[in-house]
Amino acid sequence: MAGEDFSGRIPLVVGVLPDQHVEVLQTARALAEQLGVPLVCAYVDEASYLVEWDPSRETHRMSLHPEKDDEDVAAIRKGLGKAIAEAMDGGSADWTLRLLAGDPARALGRLAEDIKASMIIVGTPEPGLGHRISEALNGSVAAWLSHHQRRPVLIVPQKKRPDHAPGK
């Protein structure tokens, strides 16, 4: 994993989630390798909100859920780091993981603006009732970014999975 300084190369920002469909990271990796730029993988903790934004330091956050402690955050970081490392294995793209707080679309936009990213890469909503309810309440991250960003937004669809085995 690379550090935050990418030797002046303009990075790509990719939004990541636990158990996200792998096509997002595969596409981001391929694009970063083709362009010869690093990836900044960003996870936004929706259960926290931003108290102070200081790009030169760790984000200060306050949890809306007091039971969510540093161990939970460390577990998320470890799980995401493992998933990203597996997706990047054998590749040449440098990457780093950033944990952010607040509204996912706005946090990704702030990060992209701060690091002067050339593009933001996100996935389509995951299937399932929970994700549909979240999207209905919070809106689509991809839709918000595509309407409010000055930089390009790449929305990576999930490959169609067969609903059932052949012959059924």
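The values are calculated or read from the model by the stated rules, or taken from the named source; none is laboratory data. Please read these numbers as outputs of a predicted model, since none were measured by experiment. Here the Cβ is made from the backbone with ideal geometry for all residues, glycine too, and neighbour counts use every protein chain on show. Note: accessible area is taken over every heavy atom of the protein model, side chains too, but ligands, DNA and RNA are not part of it. Shrake-Rupley method; radii C 1.70, N 1.55, O 1.52, S 1.80 Å.
Need at least 3 residues that are surrounded by 19 or more Cβ atoms within 10 Å (Cβ to Cβ) and at pLDDT 65 or above per element, so show me which strands (runs of 3 or more DSSP E) inside the stretch 19-87 make the cut, counting only ones lying wholly within it. Fully inside the stretch 19-87 and qualifying: 39-45. Specify the residue that is farthest from LEU108 (Cα to Cα); the eligible residues are those in the stretch 128-157 that are modelled with pLDDT under 60 and open to solvent by 60 Å² or more (accessible area, probe 1.4 Å). Checking each candidate, the answer is LEU129.
Please enumerate the residues belonging to the stretch 90-113 that are acidic (Asp, Glu) and modelled with pLDDT under 90.
Answer for the stretch 90-113, where residues must be acidic (Asp, Glu) and modelled with pLDDT under 90: just ASP103.
The single residue among LYS116, LYS160 that is loosely packed, with under 15 Cβ neighbours inside 10 Å and either touching a helix residue (DSSP H, G or I) at 6+ places or on another chain (Cβ under 6 Å) or at pLDDT 90 or above (or both) turns out to be LYS116.
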